[in-house]
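The values are calculated or read from the model by the stated rules, or taken from the named source; none is laboratory data. This structure is a prediction, so every number in the text was calculated from the model and none was measured. All Cβ positions, glycine included, derive from the backbone under ideal geometry; neighbour counts span all protein chains shown. Calculation scope for accessible area: heavy atoms of the full protein, side chains included, ligands and nucleic acids excluded. Shrake-Rupley method; radii C 1.70, N 1.55, O 1.52, S 1.80 Å.
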Amino acid sequence: MAQIDSPKEAFAVLRPRCVILTREPSVTNVEALHNYLRTVDDGALQQLQDYVLFPLRFVLKIPGPKQEGLVLAVMDTMTYVLEKTSVRSWESLYNIFSELCLCISSPNDPGKPGSASEELKLSVLKCLDVLLHAAYGDVVFKLYEPAMLPTLGAAISLILALIEGEQARGVQIAALKCLQALAFQCDCPQDHVIPNQEESYALGNALASFLPGVTRTLSQVICHDMTRGHTVVMRALRVLYTIVSVVMDDGQLINKESAEVAVALRHHGKLGELNVQRSFDWIKNTSQRLSMVLQKIISCTSAHQHWRVRLELVSLSGYLLAKCSKSLEECTGSFLGALVGAINDEEASVREKSNRVLKEIAVSSQANNCQAFTDLLSENLHGLSSSLPQLMRTADDQQKFFVLSVYLGYLKVLGSQVAVMLNSAVHLKRISKAMMQVLEMDVTDVRIVEERSFPIVVQDGSATPITNILKKHFLYFTDDRIYLVLREICQMLGYYGNLHLLVDHFMDLYRESSAYRKQSILVLNEVLAGAVGIDLEGDQKPKPAVSLISVISPVIEEYLSADNWDLPTNYEQSLHSNQDENHGQGPSLTISKSPNEFCMATVGDVRQLNSNIWQICLQLEGIGMFSRVLGPNFHPLLMMVLYSVLEKVGDKSLVVSQSAVGTMSDICQACGYASPNELINSNADYLLNDISLNLGRPGVQPHAPRVFAAMVTHSDASLLPLVADVVQDVLTSLDLNHDQRALEVCEVLHSVMKAIARLDLSSKKQPNLLEMKTKELLDARGFLLEYRRQVELAEGITISQKDQDDQDISSVTEDQEENGDSDGLRMDTDLPSHITIAKDVMERCIHLLSISSLRLRLKVLDMLKLCVNVMCEYKQHLYPMVHRCWPVLQQRLNDEDPFIVPQAFKVLCSMGEVCTDFLKKRVSKTVMPKITAYLTKQAQTSVKAGLNYTQSLNYKLQLAYLQGLGPLCVSLDLEESDLDMVAEACLPYLSVQQPPRLQEACCSVFQCMITKDPDVIWFTLCERFCPYIYQPLHTDFMPVQLCGMGLQKHEYTDNIMKLLTEFRIEPTGMSVLHCT
């Protein structure tokens, strides 16, 4: 439809609609007028503005309740008219302004909202905002004259009440926009009236009367209601600082006297009393009150979860610093604190704006030839440092994070000025005191002490350092962000500060008291890491690391000193340490005399051990950090630290061991080694020399065996020829100190054997005797003589007589050697180093199997098992050792301690896999009867036992026997009589009433025996239960009768049916008997 641009034509069209609406106010008539208004051009509508608005205003003035729909339609129409026109009459502006406020205010109190709906409030606020934008400048400023203060105050009170009390966010935001428009600080894209100097004075004077209410309400919205959305908080911040900037503008207050005098002369009486005189005292008092409010707002919003709120806080600080730096001088520190704290914000836009604002302020200060900016920052930093210790004790995590972020921001902004600040002993003492307090670690976790280490093998240097897995727990905070900020603060201090001064100061704290030791280590590590500026973000350029060697070297020496390095990390070490210190006095630890030899400790002892563990871990972490800082320049310090780090790799504490392995990985990366393996092999001569020397001085260097064990664990086969002599030294040390140090030395030998087994040094498989004979011409005489020798050796008959048969064997062996043959049974004179080591270790195991210590016997049994596996290819050396070991092992199989028997049985199973026929007769004669008797007897107990029985030692021994019997029967190739004995002993465990794991283990025994002699096992199972009835193929044959035929389902049925499926028998002429 074409627009009507003639006022006469528009009047002719609109007049009937206006008359009808005046006579019959209804939603339909209002909407009809609205539709006609859309056909009128803006110019024509401007001339008819008062005429068109009259019926709409008339509807609002009708006394009595009105339909909400009607008022909403009127608001929409008035908003449309005001958007298309401008208000040029003061009377129209005043009347419409008052009528709009009355629409949503309470009838009894115009300053409070009524019971209107959210939709109506939103519509009225939108219309009010449009009205303020449509008013001409010379008209709208009459709102701020002293005579209008009551009306303006009622409107502002109404808007503030809506902002504070309304729950609908849309209404809150609309009210905030109206308040912003009243202050002539609207940020919408429309054109706005720009007040001149006199109008600005009038505006500031008028808003000064309402500043307390505005700040109170907006601070409540910003700080106290966390359920409000970020948009409301962000808009409230913007409205607050724009209104404050209007009232406290430095440009107005400089020439305020003439303006205030003029106002005072023109207005007298009560209305004049409402006008605030912005005098010096008023400015001072207002600044003090605003300072408290703004500090509270800054503390609440600086760590707000939404980045837009934090960005608005940066805008607030920068805006008020630019416009009100003199009037709000007391707030300047708070504003700078907010800006400086935002430098470390996680959102890039917040960081960028904060940096930009700070640079603008710095440039402005330089342009004015003053040091006010730098001096103010330094003063704020001094003040923050003074309050830092108390804040670290009393504040919550959120406030601590903010304060520390601000502190870090000051360091970044001040830059090189930090060194000047640190020259103050008082200031440095305050910083260090705060660090010591906030970095105090929580040492109450007993798991740190209880966890035991296991071999951690790092295959390559690119692996992630294991130290990163270890999470630090602090006593006074739990937020991980706080620790990250503290690390960066320390790094900044190291980068900008006097490094020698800082290191000396914190080293003094390190030596001063054990209470500050761990915190000092944390600070020293980060200070030295930040000294080169590698990990720092920002404009910091890396510094050369060569100059740091002279600083780092004394720190490492202090870390590695005996008093700080050789700390007890477990109960046993603590006990020995206390005994040495007390010279026979009662130790602080109470030792349990139980067979397990476990140690009990008090809470204080646990904390001390925990503290020792953390101190060692932090020192290891520091050494790793120093290696990353120095890079290739760490080589001169490598010999100083490598032995000590390997000592901690072998520590019993899991946490210490993991930290040491991570430190080794850091050293590898720094020094150019591909892996810890290469690191150890490249420095093996130095390490082995120290180990060899220290093994002879157990009183001075008790941890040499631990270093050797860690060295072997993290090396490869190329190291074995070098360590053979050291192994002999270890064995000699065991021989000379088998009472005092047997357990520690055995742990070393155990590590050596595990390393050899892990390296898989087996040569190409040597053909056994049977394979040799199938490939060569059979020498019957030599075969029989050799067979006789093996039988006699198995029966324990030593071949020492110089009879003719021995000569024949020798002649046969010589003939074979001359022919270049090797049957795998000749006595080699030149053994590989790992076989020699295994043989010597096994020799000691034979003697130590009878020792009284439970832990030592378990360790020796495990070593014995490893030796057997390592020597499996050299049976001519293994068989005599097994023969010598057999009597002692048999005693352990009959040991009264239930912990020993399962381990001894596992050793027997390993021997059975390797020695086969050599042990067959012995096992069949002495071992099997006792095992089967025990299983038969114990089956009667386990079948009746409850769930608690699975935690008993008898259950564990039953399970060990059943899990190992099957493979043992197969490897030893037992006779049918032995298989019958085993089968009869295991049959009761097929009952479903037995514990489930015992049933599974029993089924595995039968499955192994099925592969050995399926006929016997099939007959044994069918005698207990047979699901089939076999019909003879001819009448001349007798029917097959088995004891298990025709039986009903019972407790053995399920497991026997499962085992019978292993045979996969499909007999002809078979009928199936169904079990019920």
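Residues in the stretch 201-212 include none that are of a type outside the set (K, R), under 23 Å from T286 (Cβ atoms) and assigned to a loop (DSSP other than H, G, I, E, B).
Of all the criteria given as (1) in contact (Cβ under 8 Å) with a residue 12 or more places away in the chain; (2) open to solvent by 10 Å² or more (accessible area, probe 1.4 Å); (3) among the aliphatic types (A, V, I, L, M), the one not satisfied by V350 is (2).
Against the numbered list (1) charged (D, E, K, R); (2) in contact (Cβ under 8 Å) with a residue 40 or more places away in the chain; (3) more than 12 Å from T77 (Cβ to Cβ), E31 comes up short only at (3).
From the list L1021, L974, L979, the one residue that fits, being closer than 28 Å to V914 by Cα, open to solvent by less than 10 Å² (accessible area, probe 1.4 Å), free of Cβ contacts under 8 Å to residues at least 40 places away in the same chain and in the same structural domain as S942 (by the TED database), is L979. Of all the criteria given as (1) charged (D, E, K, R); (2) in contact with a Ser or Thr (Cβ under 7 Å, 6 or more places away or on another chain); (3) under 21 Å from V244 (Cβ atoms), the one not satisfied by E199 is (2).
Considering the stretch 207-242 alone, what residues qualify as being surrounded by fewer than 16 Cβ atoms within 10 Å (Cβ to Cβ) and of a type in the set (A, V, I, L, M, F, W, C)? The one that is surrounded by fewer than 16 Cβ atoms within 10 Å (Cβ to Cβ) and of a type in the set (A, V, I, L, M, F, W, C): M226. Listed conditions (1) of a type in the set (A, V, I, L, M, F, W, C); (2) modelled with pLDDT of 90 or more; (3) under 24 Å from V727 (Cα atoms) are all met by C671, apart from (3).
Each row is one residue, and each column tells you yes or no for (1) assigned by the TED database to the domain that holds P967; (2) assigned to a helix (DSSP H, G or I); (3) open to solvent by 40 Å² or more (accessible area, probe 1.4 Å); (4) within 26 Å of Q999 (Cα to Cα).
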| site | (1), (2), (3), (4) |
| --- | --- |
| K930 | yes, yes, yes, yes |
| L935 | yes, yes, no, yes |
| Q940 | yes, yes, yes, yes |
| K944 | yes, no, yes, yes |
| N954 | yes, yes, yes, yes |
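Taken as a whole, the structure leaves L391 outside the set of residues that are modelled with pLDDT of 85 or more and on the phi < 0 side of the Ramachandran plot.
Does L411 satisfy being of a type outside the set (K, R) and either closer than 30 Å to S200 by Cα or touching a Cys at 6+ places or on another chain (Cβ under 6 Å) (or both)? So L411 does not fit the description; no.
Comparison of V901, V882 shows that the only residue that is part of a helix (DSSP H, G or I), under 23 Å from M928 (Cα atoms) and not assigned by the TED database to the domain that holds A709 is V901. Restricting attention to the stretch 327-347, which residues are aliphatic (A, V, I, L, M) and under 14 Å from G383 (Cβ atoms)? L336, V340, listed by residue number.
So that you can scan it fast, the table gives a plain yes or no per residue for (1) surrounded by fewer than 21 Cβ atoms within 10 Å (Cβ to Cβ); (2) under 56 Å from the mean Cα position of the chain (by Cα):
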| position | (1), (2) |
| --- | --- |
| L149 | no, no |
| I156 | no, yes |
| L162 | no, yes |
| C188 | yes, yes |
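Among the numbered conditions (1) over 45 Å from the mean Cα position of the chain (by Cα); (2) not assigned by the TED database to the domain that holds L957, the only one that K865 does not meet is (1). When the stretch 374-401 is limited to residues that are within 31 Å of the chain's Cα centre (by Cα) and among the acidic types (D, E), the one that is surrounded by the fewest Cβ atoms within 10 Å (Cβ to Cβ) turns out to be D396. For the stretch 841-851, does any single residue satisfy the condition of being closer than 22 Å to S977 by Cβ, more than 47 Å from the chain's Cα centre (by Cα), among the acidic types (D, E) and assigned to a helix (DSSP H, G or I)? There is no residue in the stretch 841-851 that is closer than 22 Å to S977 by Cβ, more than 47 Å from the chain's Cα centre (by Cα), among the acidic types (D, E) and assigned to a helix (DSSP H, G or I).
Filtering the stretch 89-100 to residues that are over 14 Å from Y51 (Cα atoms) and buried (at least 19 other Cβ atoms within 10 Å of the Cβ) leaves L93, F97, L100.
If you go through the stretch 647-667 and keep only what is of a type outside the set (A, V, I, L, M, F, W, C) and either within 22 Å of the chain's Cα centre (by Cα) or under 15 Å from F626 (Cβ atoms) (or both), you end up with S653, S657, Q658, S659, G662, T663, S665, D666. All conditions in (1) modelled with pLDDT under 75; (2) in a loop (DSSP other than H, G, I, E, B) hold for E572, with the sole exception of (2). Restricting S86, S105, S123 to residues that are touching a strand residue (DSSP E or B) at 6+ places or on another chain (Cβ under 9 Å), under 24 Å from L37 (Cα atoms), open to solvent by less than 30 Å² (accessible area, probe 1.4 Å) and of a type in the set (S, T, N, Q) narrows the list to S86. Restricting V19, V30 to those that are exposed (fewer than 13 other Cβ atoms within 10 Å of the Cβ), modelled with pLDDT of 90 or more and over 16 Å from K84 (Cβ atoms) reduces the list to V19.
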